[in-house]
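The numbers here are math on the coordinates, done by the rules we state, and not lab data. No experiment lies behind these values; they were computed from the predicted model shown. Please note: Cβ atoms are built from the backbone with ideal geometry, for glycine as well, and neighbour counts cover all protein chains shown.
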Amino acid sequence: MTRPLEANAPLVLAITGASGAPYGIRLLEQLLVAGRRVSLIVSSHGFRLLQTESDVADLAGLRLAVNAARFDALVTVYDDNDRGAAPASGSSLAGGMVICPCSMGTLASIAAGTSRSLVERAADVALKERRPLLLVTRETPLSLIHLDNMRTATLAGATVMPAAPGFYHRPTQIDELVDFIVARALDHLGVPNQLAPRWGEPDA
């Protein structure tokens, strides 16, 4: 059973190499808007993705993209190659972890428990400590291997949330599609938000 979110503990956010850089950037921005502390890990493929899809060339560019003052106040950055960093230990408190976007390679490593990088080890820690682990996967179509890995991760305690936005709110801009997924991720992380209309509410 998943443990409740640790009050005031930082959330671990990882950005990996699956397509979907706008999701990761917007999620980080909104976590900071909400005043949440973030332990940030960006894989080497994640940095390449940020450059390719959002013209964010490096960590400095990401800092500017999400509000530099909030970033400096709330974000602690960890090197994905440092498997001895704080998120690698269960004794380091965290309010949960989200990988957004989550590549199929990262999913496979989490399902197999290989812990080859800090992202993978931090996810392993979230599972073993029964903390929320949210995987915002981005791939289509899905092979049987992908589906089996999703099933394994789910049985281990993760929540798999494919980046598949809804259309019932009649989106007219890409930003609205991004916000739909980010809002769902924030909901699962226990972060209040009003990013997207909710079904059954007056504006939905």
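One table, with the values for the structure above:
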quantity: Sum of side-chain charges, Ala65 neighbourhood, beta-carbon under 14 Å (Lys, Arg +1; Asp, Glu -1); calculated: -3
quantity: Likely footprinting exposure, Leu142, Leu135, Leu147, Leu49, fewest C-beta neighbours within 10 Å first; calculated: Leu147, Leu142, Leu49, Leu135
quantity: Segments 166-179, 104-117 sorted - mean Cβ within 10 Å per residue, highest first; calculated: 104-117, 166-179
quantity: Average Cα contact separation per residue, the chain, under 8 Å, 6 or more apart, as relative contact order %; calculated: 24 percent
quantity: Using distinct alpha-carbon pairs, which all enter the 1/r mean, Kirkwood radius of segment 1-102 in Å; calculated: 13.7 Å
quantity: Of Ser92, Ala65, Leu144, farthest towards positive along the dipole that unit charges on Lys, Arg, Asp, Glu beta carbons give the chain; calculated: Ser92
quantity: Square roots of five times the Cα gyration tensor eigenvalues for the chain, Å; calculated: 23, 20, 18
quantity: Calculated FRET efficiency for the pair Arg170/Ser91, C-beta based, R₀ 35 Å, to 0.05; calculated: 0.15
quantity: Summed side-chain charge close to Met150 - residues other than Met150 whose Cβ falls under 14 Å, Lys, Arg +1, Asp, Glu -1; calculated: 0
